[in-house]
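Worksheet: one structure, shown below.
The values are calculated or read from the model by the stated rules, or taken from the named source; none is laboratory data. For clarity, every value in this text was computed on a predicted model and none was experimentally measured. Cβ coordinates were reconstructed from backbone atoms using ideal geometry, including for glycine residues, and neighbour counts include every protein chain displayed. Please note that ligands, DNA and RNA were not included when accessible areas were found on the heavy atoms of the full protein model with its side chains. Shrake-Rupley method; radii C 1.70, N 1.55, O 1.52, S 1.80 Å.
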Amino acid sequence: MIRKVSILALVVCLFLPLLSPGLVQAQSELTIVDSSVQADFPHRLSFSLSAESDVNITDVRLHYQVDQISFARVTSEVYIEFAPDTSVDEDWTWDMRKTGGLPPGSSVTYWWTVEDAKGDRVATAPVQVDFNDNRYPWRSLAEGEVTIYWYEGDDSFAQEVMGAAQQALARLAEDTGAEVEKQVEMYIYADSQDLREAMIFPQEWTGGAAFTRFGIIAIGIPTDKLDWGRRAIAHELTHLVIHQVTLNPYSDLPTWLDEGLAMYTEGELEPVFIAILNKAIAENELISVRSLSSPFSAYAEESVLSYAQSYSLVDFLITDYGQGRMLELLNTFSQGSGYDGALERVYDFDMDGLNALWRDYVAEQYRQLEEGGGG
Ligand SMILES: [Zn+2]
């Protein structure tokens, strides 16, 4: 509903500068008495406005923009329903349980426009509201392009987290040539429970999330689970950097590449993934590369296999074809290329070709494993 009016809102914005000289000259009694906003992270932003005029106020609208990387600035416009009066006190609440939420550290820019029966119109100056998770006493640590925010654990914990982030960025650059382009903010919650409470629609298994358009990562890392935390940091940072590098208005990345790179930066594949991959090879139940290009199955076993195969596909491409080609692939995707077209251009095979070559690669790995196990 909000999106529907956004085009109209853009048009309104374009004309506002043209209208404003007229506003100054009009002998209007129309004034904005007060404008404020209250943030209640992660659920809502409540906007309030009071205005007066010598004639009835007939039109009150709230306009807002979410500050994120996008190709067209989207302005949402909310028409406030009220009975015309010379004095109005209106408020409107953005209930994020209806729209989906925003990450900690995000911000929203808003302004109001008010019109009266004489046709006079005033607009408030745009105000930026920080949507912070103020339920915790965040401390911060910055290095290079990364800033860490945390509230549980001492300075050495934060330094470990920072070390893991910097190592992950270095590993990612070494494996793929992809480097962080914009400032990254990492919110480290004390555990996954705290993290889930910071999200509107968390998934049961959510341990971390990358909000790629915001340059923000949120992860729940208990101070005694740093080993898991290092992997989660590498995983989410990779998503963020890869999305920065390939961002374009035309197409997205195949899921196996996005998840495979994130898994690959974590380090060696964990035993649970190796076991399920080997089982699928032995039972000839591998998922096709074409299927893995779409979002993964929600079923646990199939999902684990999807991640394992994605890791292995990326491992195959980097091991056999090198870092340079991987960077070329990412650059090709950044130009809005389709899945088959990008692979063909860089590697001379499409998704089915990759599927066939990769199956030979894992079959050989599996054969060596079986032989190794025997002797
Ligand atoms: Zn992921």
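Here are some notes:
- Residue list for the stretch 282-295, restricted to those being open to solvent by less than 40 Å² (accessible area, probe 1.4 Å) and in contact with a Ser or Thr (Cβ under 7 Å, 6 or more places away or on another chain): ILE287, LEU292, SER293
- Residue within the stretch 177-186 that is among the acidic types (Asp, Glu) and farther than 22 Å from TYR136 by Cα present: yes
- Screening ILE217, ILE221 for residues that are away from the ligand (no atom under 15 Å from the Cβ), modelled with pLDDT of 95 or more and within 16 Å of ALA165 (Cβ to Cβ) leaves exactly one candidate, ILE221.
- Looking only at the stretch 195-231, and only at residues there that are open to solvent by less than 40 Å² (accessible area, probe 1.4 Å) and touching a Ser or Thr at 6+ places or on another chain (Cβ under 7 Å), the one that is nearest to PRO249 (Cα to Cα): ILE216
- Verdict on ILE233 being part of a loop (DSSP other than H, G, I, E, B) and either out of contact with any Phe, Trp or Tyr (no Cβ under 8 Å at 6 or more places or on another chain) or among the polar types (S, T, N, Q) (or both): no
- Put simply, of LEU226, LEU261, LEU237 the only residue that is touching a His at 6+ places or on another chain (Cβ under 9 Å) and modelled with pLDDT of 95 or more is LEU261.
- Restricting attention to the stretch 116-141 and to residues that are touching a residue at least 60 places away in the same chain (Cβ under 8 Å) and within 24 Å of ASN56 (Cα to Cα), the residue that is most open to solvent (accessible area, probe 1.4 Å) turns out to be LYS118.
- Once the stretch 319-345 is narrowed to residues that are under 26 Å from ASN284 (Cα atoms) and either at pLDDT below 95 or crowded, with 18+ Cβ neighbours inside 10 Å (or both), the residue that is farthest from the ligand (Cβ to nearest atom) is LEU343.
- Scanning the stretch 165-193 for residues that are open to solvent by 20 Å² or more (accessible area, probe 1.4 Å), at pLDDT 95 or above and assigned to a helix (DSSP H, G or I) yields GLN166, GLN167, LEU169, ALA170, ARG171, ALA173, GLU174, ASP175.
- Residue count for the stretch 346-361, restricted to those that are free of Cβ contacts under 8 Å to residues at least 40 places away in the same chain, open to solvent by 50 Å² or more (accessible area, probe 1.4 Å) and either over 17 Å from LEU329 (Cβ atoms) or in contact with a Lys or Arg (Cβ under 7 Å, 6 or more places away or on another chain) (or both): 2
- Restricting attention to the stretch 251-281, the residues that are among the aromatic types (Phe, Trp, Tyr), touching a residue at least 40 places away in the same chain (Cβ under 8 Å) and open to solvent by 20 Å² or more (accessible area, probe 1.4 Å) total 1.
- Close Cβ contacts (under 6 Å, 6 or more residues apart or on different chains) running from residues in the stretch 76-88 that are crowded, with 16+ Cβ neighbours inside 10 Å to residues that are of a type in the set (A, V, I, L, M) comprise SER76/ILE2; GLU77/VAL5; GLU77/ALA9; VAL78/LEU62; ILE80/VAL60; VAL88/ALA51; VAL88/ILE57.
- Residue in the stretch 237-250 that is open to solvent by less than 10 Å² (accessible area, probe 1.4 Å), within 13 Å of the ligand (Cβ to nearest atom) and of a type in the set (Ser, Thr, Tyr) present: yes
- Total residues in the stretch 262-310 satisfying the condition of being within 16 Å of the ligand (Cβ to nearest atom), closer than 27 Å to ALA178 by Cα and not in a loop (DSSP other than H, G, I, E, B): the figure is 15.
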